[in-house]
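Novice: The structure that follows is given in the form of C-alpha cells.
The values are calculated or read from the model by the stated rules, or taken from the named source; none is laboratory data. All values reported here derive from a predicted model rather than from experimental measurement. Backbone-built Cβ (ideal geometry, glycine too); neighbour counts: all protein chains shown. Only protein heavy atoms, including side chains, enter the accessible area calculation; ligands, DNA and RNA are left aside. Shrake-Rupley method; radii C 1.70, N 1.55, O 1.52, S 1.80 Å.
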Amino acid sequence: MNVNQSAPPVPPFGQPQPVYPGYHQSSYGGQPGSTAPPTPYGAYNGPVPGYQQTPPPGVSRAPPSSEAPPASTAQAPCGQAAYGQFGQGDVQNGPSSTVQMQRFPGSQPFGSVPLAPVVSQPAVLQPYGPPPTSAQVTAQLAGMQISGAVAPTLPPVGLGYGPPTSLGSASGSFPNSGLYGSYPQGQAPPLSQAQGHLGAQPPQRSAPPQASSFTSPASGGPRMPSMTGPLLPGQSFGGPSVSQPNHVSSPPPQTLPPGTQMTGPPGPPPPMHSSQQPGYQLQQNGSFGPARGPQPNYGSPYPGAPTFGSQPGPPQPLPPKRLDPDAIPSPQLNELPPQQKTRHRIDPDAIPSPIQVIEDDRNNRGSEPFVTGVRGQVPPLVTTNFLVKDQGNASPRYIRCTSYNIPCTSDMAKQAQVPLAAVIKPLARLPPEEASPYVVDHGESGPLRCNRCKAYMCPFMQFVEGGRRFQCCFCSCINDVPPQYFQHLDHTGKRVDAYDRPELSLGSYEFLATVDYCKNNKFPSPPAFIFMIDVSYNAIRSGLVRLLCEELKSLLDFLPREGGAEESAIRVGFVTYNKVLHFYNVKSSLAQPQMMVVSDVADMFVPLLDGFLVNVSESRAVITSLLDQIPEMFADTRETETVFAPVIQAGMEALKAAECAGKLFLFHTSLPIAEAPGKLKNRDDRKLINTDKEKTLFQPQTGAYQTLAKECVAQGCCVDLFLFPNQYVDVATLSVVPQLTGGSVYKYACFQVENDQERFLSDLRRDVQKLVGFDAVMRVRTSTGIRAVDFFGAFYMSNTTDVELAGLDGDKTVTVEFKHDDRLNEESGALLQCALLYTSCAGQRRLRIHNLALNCCTQLADLYRNCETDTLINYMAKFAYRGVLNSPVKTVRDTLITQCAQILACYRKNCASPSSAGQLILPECMKLLPVYLNCVLKSDVLQPGAEVTTDDRAYVRQLVTSMDVAETNVFFYPRLLPLVRLRVTERFSFLKLSNGDIYLLENGLNLFLWVGASVQQGVVQSLFSVSSFSQITSGLSVLPVLDNPLSKKVRGLIDSLRAQRSRYMKLIVVKQEDKLEMLFKHFLVEDKSLSGGASYVDFLCHMHKEIRQLLS
C-alpha cells in the first residue's frame, strides 16, 4: 500500500489538447508495436547438452555430451540426458486450500509463534550466527522428547548454509524442451506448521509509517530431537531442483502418513531459553509476541543423506499451524556433541505474499487514471493495468524511481542505504489509449535551453520580469526569452499560452533538432539494414538458411516506417559468410544478383558501393531471386569454420561508405575458430565456478571486440545477434558488440526447424519491424544537490555524462544511479531531465525530453513510505550482474544481502514502533524486498545449478542488463495461473498445486502448462483432444485448435501473455510426475532450489537474523 506524503503545492498542469495548432503529432512509439509475439531465450527454450549430476568424491564424471542420443532416447535431441520419473501418486501436493488465505490489513504485522525442533545438517555447515554455549546445550538436553515425522531435504548452499549433498543421478529423457539436461534425485523439505498466541498491546509511537512485522520468540520451551525411521512404501524424495534460466526451486515436501519418521546423523540443538515467559498480547501494530512450549511432531528439513534403521514410532496427530521466523542453523553446530540440531519454521501462508500485494494494487489503483500533475507521487505497480494522464511529469512507462521522496542530505541517504536510482525507457511503447509525445518545431532557432546547464525548456522553468526572462529550475541561472518566444504572464505568474505548448505543460515531448545537432553539421540520411547470414555446414544442415531466406521475402515489406508513410525509407543489403565473405549486388537494373567474394578477412573492405544498399520496392525482383538462390548455392557446403569480427567490420564499413547509420542482423551458428581477427578458443571450464577466477567466464576473451564496438558506435552501427549454437560459442565475448551498440542477442540452442521455427520467426519479425532510434546520445540532468554517477544498460560511454547508443528501441532501458553532492531543499524538491538525441527511422533528427519532479524529506519515515520495491530489485539485479565481471560471485551475493539487511535494519531502528527484538518488521512499501531479493540470489547468474551452461549464464546476464521494471519483475518472480478452478494467481510453491488442476507458468521467456494427474477427463478432452491424462504428449509445444470454450480461453490467454512480452515464449506441456516436471519446479521460486538457493521462509529467517545482528 502506498502512503503518499502530501506534496508541496505545484502549479497545476493542464491536460494536453487533442491537437496543438502548429504542432504535428509524432507517430514515434505511438503506433501499436508489431503484432509478432515476443521471444524466450535460446538456451532456455531449445534443448541443450545433457549434464550428469556431480558424483560423490572420487568418482569421475563424464563431460557434457553433445552427440546424438542413442535410439532408445531419440526424443531427447542434442544429447540431452533424460530424467527418471519419481512417483508421487495421484495426491494433492500440499494441504488442500479450500479455505481462502486470510489477508492481514496493510498496516498489520504478521504474528509469530513458538519454535519446533528441526533436524539440521551435519558437519558441512558454514552458516551464520554464534555457536551455542555449553550451558545452553545442557539446558536443551534436559527437555528432549521424541518428535514427529521429518523428511530429508537438500541443504541450501548459496546463502552460506552449506554445500549440497552429492547424489547419484537418475536418468530418463527430455523432449526438445529447450531447457536443460538430466537432474539427479534429491530429498524434499517437510512442511512445518505451528500455532500462535495473542497477547497485550504495547505503546505505539505517533504515526509511524505502515509496516508489516513478524515475531520471533525471544524464548521457547525445550526442543526435541526426532527419532530415525525408514520411509514407508510409496513415499519418495523429491528430486533436487535444477538451476534454470531463472530460478528453479526444489521439490516440495511429501506428505507422510502418521507415524512415519526420518532423521539423519544426530547433532545438538541450537540455544534455547526458559519456557516460562508468558505469551505476548496482540500489539497495536498487529504483531504477535513470542509464544511458548515445544511442539511435538514438528517436521523439519534435513540436508544430508538419511540414516535408516530405527522403527517407526506410533501414529501421532498433525500439529496445528504456527508462525516463527527466528532461526537459521548456527555456523559451528557441528563442533557440538552429537545431538539432534533443531530449527524453527514459519507458516508460509502468514508471510507477505507478492500475489496478494499485486491483487490489492490492481483493485485499489487499476480503475483510476494515474495523473502526473502532483510532485513525488508513487505510481501503481508494473503489474497493474492503468492509464496515464500527463500533466507535467513523465509517465512511469518512461521513468520509474526507487524512491519518490529522496533524503535531503547525503548522511541520511548513507544511513538508509536505499539506492537512489531511476530506470529510464526513453522510447517506451505506449498503449493505444495514450497519446505519443507531441513533436514541437521551433524552426531554425531550435529548442529553447538554459545558457549555463543546457537544460531544455520544461514545465518547471520559472518565468520572471513579465515573461521577458526565465529562471532555470536546474541551475537557477536567469536567461533571456527570445522575442519570438515571448508571451505575457497571468496573475499567477504563469504564461498565458502554457497549455498550448507541450514543453510548458507536459512531462514528455519531442523537439525537431536543427542542423547543429547533426554529425558534421549536415542532416542524416535514412538508416539501412544489412542481413548477414552464416552459410556454414551447421546453418545449412539445420534448415536455418532456407527458413530465413523464405521469411525475408515477405518480411522486407514490413520495415519500420514513420507516421503515414506509404513505404519505409530504410535501405537493405545482404552478405553471406563462412570463412570468407560474399557481398551481393542487387541493383534494380540487374537481371540477376551478382556475388563478390572477399577472402582477405584480415583487412576487410567493401567491394562495391552502388547496388549494395537498395530500396526494397525498386529492387524487389532481384532481391527475391537472390533469396531463392542462396540456399541452393551453399546446399553442398562442407565448410564448418566461421569468422565473426570481420563480418561486423564489413557491415560497419558499408554503412560508413554510405554515410548513414543502421543495423546489422547477424545469424550465427558456431564458435569463430577460423584464422581471422577476433578468432576465439573454447575456454568453457566448469571447474572455475565458485572460485576467484569464475569472473573470467563472464569477461570477453579478447579486447578486439570492445575496440570494434567503439568503432560501430561512432558510425551509428547497431548489431542484433541471432545465435543458433549446438555447443559452446562464448556468448560472453560474442555479445560484447551487441551489448555496447544498444543491440539485442537472441539464442536458440540446438535449433530444429520443426520445434523452433515459430519462436525464431516471431522474434525476427518483431525485431525487424520495431521502431528504433539510431545514432543516439542520452544525457540525464538533475537539479542542484544530486547528480547522476552510474549507468547500467546496453550502451557505450566515452565520458562520464553521455550515454551513446548506436541504436535504441522501445524495449531497452538505461538505469541511472544518483548521489548527493549538496544538501537538497524540502520545498523545491529534486528534478530530473532525460534528453535523448536520435535519428528516427525516416532519417529525421529529434530530441525526446522526459521530466520528473521528486519530493525531498528530512524524515527517514517519508523515504520508506515512498519507495518502489520492483524498481529497487531491477537496480539491485543489474548492480549484481555487473559486479560478477570483477568480483567473486559469493562476494556479490553477500553484498546484496548486507545492503538489504541495512535498509531494513535502518527502518526498524528509526521508523518502526518499539517492539521486541523477536519481531521482524518490514516497511509496507518494502515488505516484498526479501522474497524478490532471494529470487535474484537464486538466479542462474549468481547461483548456477550443475546443468546451467556458461553460455546460458552469460546470455541471461546481458539480457537482464537492459530489462525494464516489468520484465525483471516477472523474470525473477514468475506468474502462475490456475486454469480450471479459476482463482487469482497462485503462490510459487509446489505445495500449492492441486493435482486436479492445470497451471500456466510464465516468466517473460518461458511458458509452461502443468497438467495435474487427476484433472477431469472432460477437461483433458477439451484442451488436448485425447481421452485420458496418460495420452497427453509430454513436452508438447502447441495446443490443438479446438472449438470449445476452454480451448479458446486457454489459447487466448497464451496469445495475450505472448503479446505482452518482448520475446516469444515457447510453450512446454508438463505432466505431473513426468520427467519434465523438474524443469517446471525450477521456476517455483518460493521453494528451495537444488543449486542451494534458500526457500522464501528460510531466507526471511536469515534476513531477520542479519537485521538483529546489525541492531545489536
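Novice: With the Cα gyration tensor of the stretch 443-506 giving a ≥ b ≥ c as the square roots of its eigenvalues, does the rule (a/c under 1.5 for rounded; else a/b larger than b/c for prolate; else oblate) give rounded, prolate or oblate? Show your work: numbers first, answer last.
Specialist: Working: a/c = 1.40, a/b = 1.20, b/c = 1.17.
Rounded, since a/c falls under 1.5.
Novice: Right, another one. Give me the distance in nm between label points sitting 7 Å out from Cα along the Cα-to-Cβ direction at residue 779 and residue 516, one decimal.
Specialist: Placing both labels 7 Å along Cα→Cβ, they lie 1.2 nm apart.
Novice: Further question: Between residue 801 and residue 433, what FRET efficiency comes out of the Förster formula 1/(1 + (r/R0)^6) with R0 = 35 Å and r the beta carbon distance, rounded to 0.05?
Specialist: FRET efficiency, residue 433 to residue 801: 0.45.
Novice: What FRET efficiency do you get for residue 415 and residue 592 if R0 is 60 Å and r is their Cβ-Cβ distance, rounded to the nearest 0.05?
Specialist: Once the sixth-power term is evaluated, E becomes 0.25.
Novice: Moving on. For residue 787, put the label point 7 Å out on the Cα→Cβ axis and report which residues of the stretch 404-425 keep their amide N under 16 Å from it.
Specialist: 410
Novice: In addition: Calculate the dipole size of the stretch 974-1084 relative to its Cα centre from +1 charges on Lys and Arg beta carbons and -1 charges on Asp and Glu beta carbons; express the result in debye to the nearest 20.
Specialist: 340
Novice: If r is the Cβ-Cβ distance from residue 657 to residue 625 and R0 is 22 Å, what FRET efficiency results, to the nearest 0.05?
Specialist: 0.35
Novice: Of all accessible surface on the stretch 528-770 at a 1.4 Å probe, what whole percent is carbon and sulfur?
Specialist: Numbers: 4180 of 8810 Å².
Carbon and sulfur together cover 47 percent of it.
Novice: List the relative contact order of the stretch 974-1084 as a percent without decimals, with contacts defined as Cα pairs under 8 Å and 6+ residues apart.
Specialist: Once normalised by length, the contact order is 27 percent.
Novice: Taking only the C-alpha atoms, wrap a convex hull around the stretch 528-770 and report its volume per residue in Å³ as a whole number. Display every interim value, and only then the final one.
Specialist: Numbers: hull volume 31.6 nm³, N = 243.
Convex hull of Cα atoms, per residue: 130 Å³.
Novice: For residue 1014 and residue 496 in the same chain, what is the full-extension length gain: residue separation times 0.36 nm, less their Cα-Cα distance, in nm?
Specialist: 179.5 nm is the gain from fully extending residue 1014 to residue 496.
Novice: Same structure, new question: For 480, 809, give the ranking by accessible area with the largest first, probe 1.4 Å.
Specialist: Output order, biggest surface exposure first: 480, 809.
Novice: So, by mean Cβ neighbours within 10 angstrom, what's the order for 498-505, 848-855, 1077-1084, 603-610 with the highest one leading?
Specialist: 1077-1084, 848-855, 498-505, 603-610
Novice: Same structure, new question: Just to be sure I understand the model, the point goes 7 Å from the Cα along the line to the Cβ. What's the resulting residue 484 to residue 363 distance in nm?
Specialist: 5.7
Novice: Further question on the same structure: Excluding residues fewer than 8 places away in the same chain, name every one of the lysines whose C-alpha is closer than 16 Å to that of residue 522.
Specialist: Result set, ordered by chain and number: 656.
Novice: In the structure displayed, which of 679/890; 579/747; 687/710 lie more than 25 Å apart, Cα to Cα?
Specialist: As for pairs spanning more than 25 Å Cα to Cα, those are 679/890; 687/710.
Novice: Mind putting a number on the dipole of the stretch 528-770 about its Cα centre? Charges go on the C-beta only, +1 for Lys and Arg and -1 for Asp and Glu, and I need it in Debye to the nearest 20.
Specialist: 520
Novice: While we're here: Taking a spot 7 Å from the Cα of residue 882 along the direction of its beta carbon, which residues of the stretch 929-957 have an amide N less than 16 Å from it?
Specialist: Those under the cut-off are 957.
Novice: Greater than 32 Å separation of Cα atoms is the criterion. Which listed pairs, 878/1081; 389/519; 553/938; 519/693; 927/1049; 992/1066, meet it? Working shown, then result.
Specialist: Details: 878/1081 25 Å; 389/519 36 Å; 553/938 43 Å; 519/693 43 Å; 927/1049 34 Å; 992/1066 24 Å.
With Cα atoms farther than 32 Å apart: 389/519; 553/938; 519/693; 927/1049.
Novice: Moving on to the next point. What distance in nm separates the two pseudo spin-label positions at residue 1043 and residue 608, each 7 Å out from Cα along the beta-carbon direction?
Specialist: Using points 7 Å along Cα→Cβ, the separation is 5.3 nm.
Novice: What order do you get for 533-543, 565-575 when each peptide is scored by the mean count of other beta carbon atoms within 10 Å, highest first?
Specialist: Per-residue Cβ counts within 10 Å, averaged per peptide and sorted highest first, yield 533-543, 565-575.
Novice: For a quick protection proxy, order the peptides 835-844, 1034-1043 by their average other-Cβ count within 10 Å, most packed first.
Specialist: In decreasing order of mean packing, 835-844, 1034-1043 become 835-844, 1034-1043.
Novice: Once you sort the root eigenvalues of the Cα gyration tensor of the stretch 820-904 as a ≥ b ≥ c, which label holds: rounded (a/c under 1.5), prolate (a/b larger than b/c) or oblate (the other case)?
Specialist: oblate
Novice: Between 1030, 995, 1084, whose Cα lies farthest towards the positive end of the dipole of the stretch 974-1084 when Lys and Arg beta carbons carry +1 and Asp and Glu beta carbons carry -1, centred on the Cα centre?
Specialist: 1084
Novice: Ordered by residue, what ³J(HN,Hα) values in Hz, to whole numbers, does the stretch 546-552 give under the Karplus form 6.51 cos²θ - 1.76 cosθ + 1.60, where θ = phi - 60° and Gly and Pro are x?
Specialist: My calculation for the stretch 546-552 gives 5, 4, 5, 4, 5, 5, 4 Hz in order.
Novice: Net charge within 14 Å of residue 785 by Cβ-Cβ distance, Lys/Arg positive one each and Asp/Glu negative one each, not counting residue 785 itself?
Specialist: My count for the surroundings of residue 785 gives -1.
Novice: Please state the shape class of the stretch 974-1084: rounded when a/c is under 1.5, otherwise prolate if a/b exceeds b/c and oblate if not, all from the C-alpha gyration tensor. Provide the component values of the computation, followed by the final result.
Specialist: Working: a/c = 1.40, a/b = 1.11, b/c = 1.26.
Rounded, since a/c falls under 1.5.
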